[in-house]
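Chemist: Attaching a single structure in structure tokens format; questions to follow.
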Amino acid sequence: MSMGHSSSRRASSQEQAEAARPDAGGTRLNRRAFFAVGGSLAAAGLLAACGGNTGRGDASTTSQPGTAAGGAGTSGAGTSGPAASGAGTGGSKPTLQQWYHQYGEEGTEAAVKRYAASYPNATVEVSWFPGDYESKAASALLTSSPPDVFEGANGPTIDQIQQGLVADLTDLLGDAKSDFNPAMLERMSYDGKVWGIPETIDMQLLVYRKSLLDKAGVKPPTSFEELRAAAKALTQGKQKGLFVGNDGGVGTLVGPSLWSVGEDYVTDGKVGFTPEQAGPALAGLHTLFTSGNLLLGAPTDWSDPSALTNGLCAMQWTGLWNFPQFQKALGDDFGVAAWPAFAAGAGKPSVPIGAYGSCVAAKGANVDAAKAFVKWLWVDNTADQLDFAQSYGFHLPSRESVAAKADKLKSGQAAEALKIFQTDGHAQTPMLWTSKSSTAMSDAATRIIKDGADAKAELAKVVATVEAELKRVTAK
Amino acid sequence: MSSAAAPAASRPWWRVLAGNQNRNLWFWAFVGPFFVGLLIFVYIPILWSLYLSFFDARNTVTPTDFVGLQNYATMLTDPNFLSSLGTFALFAVFIVPVTFVFSLGLALAINRTRWFQAFYRSAFFLPTACSYVVASLVWKMAIFNGLPSGLANTVLSWFGIGNIAWLSITDPPWYWLVLVTLRLWLQVGFYMILFLAGLQRIPPILYEAAAIDGAKPGWQTLRYITLPQLRATSAAVLVLLLINAFQAFDEFYNTLSSFGSYPPYARPPLVYLYFIAFGREQNLGQGSAGAIILAVLVGLVTILQLRFLRERDGARR
């Protein structure tokens, strides 16, 4: 032990002596310095790459100095000048980032990339996000390099608008304003301005297998009671009567339940529902949940056509977007209906309609170029809008003149769905329905539907939360 | 030593900074990159969230609206946050002792195995390499889906038990079975390895001496030799398990959330805070306040636990 110790000490003092010699120390320092500097450079490079990896392309093409340098650059660097005029003057084209959530239907991603590539005035890079897209987009908006153009479910949130995170798009509409679906335009407006351009309209509705209903002697339901009875009659063997989502309808049926008793989320800036009226409608869903006639725990959820096409259920709450797949799998053997009124005379049948809104980030480097692109794609480019609406999943064009040209939506079940859309369509949730209100409602709905909690007491708590939220957002 | 001290006086400043044998330089060459990473990705964010927690920071990370302790007051009176702490406690009560016993049992069994020890060790350790997300999807869609064709329901049907929608229903709360088995599968192997390492450090002399003194193999040697010798490992395992339980996120989020919303049950604190801070709400002030409260709680519990274990240790001696 002592031998080893002393020998190591000897070696170290020899090294010290060597280090003291100027020439030896000099070369050693150089070699070490090289590695040290090289190492820290590599580290700096790595960090810069992390910070700069905002999904943007090469900074040299974007006329925005600073964004690639570790995210340190500010967004003000390359404002509108070169971007707006770049196309006409033959200067370098700006590069725009466009974000989409993942559409499930085949071909959609290739289609939106094709539209973007054909835009002449900018290089548009499309990013496609599966999973929790909304959170990703909301977080990215806070950074100094947000996506220039992004889509938000039913447009941007009220908080994003009030914080100045999204650009005012009112002037993009021009003469086309009156051509847009008024309910959707209204949904994306706040303070008299339009904050998102409705891309295409989505619609949820009840789809059923005609043959199975005929066999069981069941008519399409016109009241909640009839729906419950139909679900019971259609439950046979491994086939359940009804599928409204694996959560028993928490995510899909709150709106239809409110409308089914003639109420709403928000009416004239005030809470639009009462525990007395809405309570029984939601409590009704609990009886459905525990009846054994509801499909629960399916591998795919309500937004996917598989449960109905694989024969797991006879009726499914789903979306218009699935119609091409229903036609392929079931041929003509399916029919459509709205969510029924709770009871005769109590409310009305309803279907939720919503649209992804194309928005422009106010902190983006090329706001004007981004606005020009949104106008080109979602206002002026009616050919691509039509392609997007009916070539992959089925959606409704937001522009009524375009909707009139959508031939594939003019026949069969799609045409029947459109009739329901005209008479029973409700905007999914209103602008003033904040994320906090939505969480409060979905928590309460879960407790009512799954646990059988007292619906009136739970809804009373929701009313208190929503009142506070309405007060908060209308105070600004 | 004196030969080294003499030239130091005439060294240029950068040589002095570089230290004896350039030690400082080397220290920073190796530690520097990691330190910078730690600073940027860990310490600055922690300090930043402390800062954010005193502001009304909605949709912004550079807030101006100072609100003092209001975010803390909101979070501490928020029934959802409090119930999420309750959820955590319930989860920890399940998962900590169960993982402890399972991994210790496995380690003891494997330690006694004479044949294929390396094979069993690898086989049990392998799930640790699986991602939480992948495992969650397998559990949710293949094993515990609600259809008669799901694996769990198929097995039950052999015994004539009907179909169960494991993750949809709340009464009885079968979702806990899904979550606990998932985490057990993923982490038992890792703690088993820790225990195995601990077991292999126990000197065989102790067992020989015990045998000579008449201790029976089995429970007596386990109780009076193996377990006391494993105390350091056990303390480490308990602390790690508890912190891991506190940080529960991945499997909860991936089995129970749908379309960007999460049910109010089995919602651990991190999932709740995630939705406040990073969901559409983007309330970074309240989210940060909740995170700070959680960090303080984890710290407190860890200190208390270590102190408790040490006191018992002291009492024994």
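Chemist: Suppose every K and R has +1 on its Cβ and every D and E has -1 on its Cβ; what is the size of the dipole of region A:121-207 about the Cα centre, in Debye to the nearest 20?
Modeler: Using Cβ point charges on Lys, Arg, Asp and Glu, region A:121-207 gives about 100 debye.
Chemist: Could you work out, residue by residue across B:36-42, how many beta carbons of other chains sit within 10 Å of that residue's beta carbon, and then give the average as an integer?
Modeler: Mean shielding count: 2.
Chemist: Which distance in nm do the two modelled labels at B:TRP158 and B:ARG201 give, with both placed 7 Å along the Cα-to-Cβ direction?
Modeler: Simple spin-label model gives 4.2 nm for this pair.
Chemist: I'd like the distance between the alpha-carbon centres of region B:78-99 and region A:182-218, rounded to an integer number of Å.
Modeler: What the calculation gives is 40 Å, centre to centre.
Chemist: Using θ = phi - 60° and the Karplus relation 6.51 cos²θ - 1.76 cosθ + 1.60, list the HN-Hα couplings for region A:372-389 in order, rounded to whole Hz, with x at every Gly or Pro.
Modeler: 4, 5, 4, 4, 4, 7, 9, 10, 8, 7, 5, 5, 5, 4, 5, 4, 5, 6
Chemist: Next up: What FRET efficiency comes out for A:GLN422 versus A:SER92 if R0 is 41 angstrom and r is the Cβ-Cβ distance? Round to the nearest 0.05.
Modeler: It comes out at approximately 0.30.
Chemist: Any chance you could check region A:108-136 for residues losing 20 Å² or more of accessible area when the partner protein chains are in, compared with the chain on its own (1.4 Å probe)?
Modeler: Buried by 20 Å² or more upon assembly, which counts only protein chains, are A:ASP132, A:GLU134, A:SER135.
Chemist: Give me the accessible area buried between chains A and B, both sides summed, with a 1.4 Å probe, in Å² rounded to the nearest 100. Write down the numbers at each step before the final one.
Modeler: On the way: alone 21370 and 19440 Å², together 36820 Å².
Chains A and B together bury approximately 4000 Å².
Chemist: Excluding ligands, DNA and RNA, what is the solvent-accessible area per residue of chain B at a probe of 1.4 Å, expressed in Å²?
Modeler: On a per-residue basis, chain B sits at 55 Å².
Chemist: Now for a different question. Rounded to the nearest 500, what is the 222 nm mean residue ellipticity of chain B from helices alone, with -39500 (n - 2.57) per DSSP H run of 4+ residues and division by all residues? Working shown, then result.
Modeler: Working: 15 runs with 204 residues, N = 317.
Calculated at 222 nm, the ellipticity per residue is -20500 deg cm²/dmol.
Chemist: Further question on the same structure: Take the alpha carbon atoms of region B:249-317, find their center, do the same for region A:436-459, and report the distance between the two centers in whole angstrom.
Modeler: Each part's Cα centre sits 24 Å from the other's.
Chemist: If a paramagnetic tag sat 7 Å from the Cα of B:VAL298 along the Cα-Cβ line, which residues of region B:228-255 would have the backbone N under 14 Å from that point?
Modeler: Hits in region B:228-255 for B:VAL298 at 14 Å: B:239-250.
Chemist: Given B:VAL138, B:GLN282, B:LEU304, which one lies farthest toward the positive end of the charge dipole of chain B, if we put +1 on the Cβ of every Lys and Arg and -1 on the Cβ of every Asp and Glu?
Modeler: Value: B:LEU304.
Chemist: Separation between the B:ARG307 and A:THR143 pseudo-spin-labels, each 7 Å from Cα along Cα→Cβ, expressed in nm?
Modeler: About 4.2 nm, to one decimal.
Chemist: Here's something else I'd like to know. Please sort A:358-369, B:179-190, B:13-24 by packing, taking for each peptide the average over its residues of neighbouring beta carbons within 10 angstrom, highest first.
Modeler: In descending order of packing, they fall as A:358-369, B:179-190, B:13-24.
Chemist: Now for a separate question. Roughly how many debye, to the nearest 20, is the charge dipole of the protein assembly as shown about its Cα centre, given +1 on each Lys and Arg Cβ, -1 on each Asp and Glu Cβ, and no other charges?
Modeler: 3380 debye
Chemist: Additional query: From the phi angles alone, apply the Karplus equation (6.51, -1.76, 1.60; θ = phi - 60°) to region A:149-156 and give each ³J(HN,Hα) in whole Hz, x where the residue is Gly or Pro.
Modeler: So the Karplus estimates, Gly and Pro as x, are 10, 9, 10, x, 4, 6, x, x Hz.
Chemist: Report for the protein assembly as shown the percent antiparallel among DSSP-assigned beta bridges with both residues inside it, nearest 5.
Modeler: Beta bridges within the protein assembly as shown, antiparallel portion: roughly 65 percent.
Chemist: In addition: Skipping prolines and chain starts, which residues have an amide H placed within reach, meaning under 5 Å, of the one on A:THR95, given they are 5 or more residues away or on another chain?
Modeler: For A:THR95, the qualifying residues are A:THR123.
Chemist: Rounded, prolate or oblate, given the Cα gyration tensor of region B:70-316, with a/c below 1.5 counting as rounded?
Modeler: Oblate is the answer for region B:70-316, as a/c is 1.5 or above yet b/c matches or exceeds a/b.
Chemist: Also: Ranked highest first by average number of other Cβ atoms within 10 Å, how do A:407-418, A:317-328 line up? It would help to have the intermediate numbers written out before the result.
Modeler: Numbers: A:407-418: 16.1, A:317-328: 21.3.
Ranking, from highest mean packing down: A:317-328, A:407-418.
Chemist: Please compute the average number of Cβ atoms from other chains found within 10 Å of each residue's Cβ in peptide A:292-302.
Modeler: For peptide A:292-302, the averaged partner shielding equals 5.
Chemist: Straight-line reach from A:LYS177: which lysines have a Cα under 16 Å away, not including same-chain ones fewer than 8 places off?
Modeler: Cross-link targets: A:LYS193, A:LYS371, A:LYS375.
Chemist: In chain B, carbon and sulfur make up what percent of the accessible area (probe 1.4 Å)?
Modeler: The nonpolar share, carbon plus sulfur, comes to 71 percent.
Chemist: Could you tell me the calculated FRET efficiency between A:ARG472 and A:SER127, based on Cβ-Cβ distance and R0 = 25 angstrom, to the nearest 0.05? Spell out each step's value before the answer.
Modeler: On the way: r = 32 Å, r/R0 = 1.29.
With R0 = 25 Å, the Cβ-Cβ based efficiency is 0.20.
Chemist: For peptide B:57-68, compute the average count of partner chain beta-carbon atoms within 10 Å of each residue's beta-carbon.
Modeler: Mean partner-chain Cβ count within 10 Å for B:57-68: 2.
Chemist: Please name whichever of B:PHE91, A:GLN204, B:ALA235 sits farthest to the positive end of the charge dipole of the protein assembly as shown, dipole taken about the Cα centre and charges placed at Cβ: Lys and Arg +1, Asp and Glu -1.
Modeler: It is B:ALA235, whose Cα lies furthest towards the positive end.
Chemist: If contacts are Cα pairs under 8 angstrom and at least 6 residues apart, what is the relative contact order of chain B in percent?
Modeler: The value is 26 percent.
Chemist: Among B:ILE202, B:LEU294, B:GLY105, which residue has its Cα positioned farthest towards the positive end of the charge dipole of chain B, with +1 placed on the Cβ of Lys and Arg, -1 on the Cβ of Asp and Glu, and the dipole taken about the Cα centre?
Modeler: B:ILE202
Chemist: Of A:LYS215/A:LYS240; A:LYS215/A:LYS238; A:LYS436/A:LYS461; A:LYS461/B:LYS140, which sit over 20 Å apart, Cα to Cα? Intermediate values should be presented prior to the final figure.
Modeler: Numbers: A:LYS215/A:LYS240 15 Å; A:LYS215/A:LYS238 16 Å; A:LYS436/A:LYS461 13 Å; A:LYS461/B:LYS140 32 Å.
Distance filter (> 20 Å) returns A:LYS461/B:LYS140.
The values are calculated or read from the model by the stated rules, or taken from the named source; none is laboratory data. In this text the structure is predicted, and so the values were computed from the model without any measurement. All Cβ positions, glycine included, derive from the backbone under ideal geometry; neighbour counts span all protein chains shown. Calculation scope for accessible area: heavy atoms of the full protein, side chains included, ligands and nucleic acids excluded. Shrake-Rupley method; radii C 1.70, N 1.55, O 1.52, S 1.80 Å.
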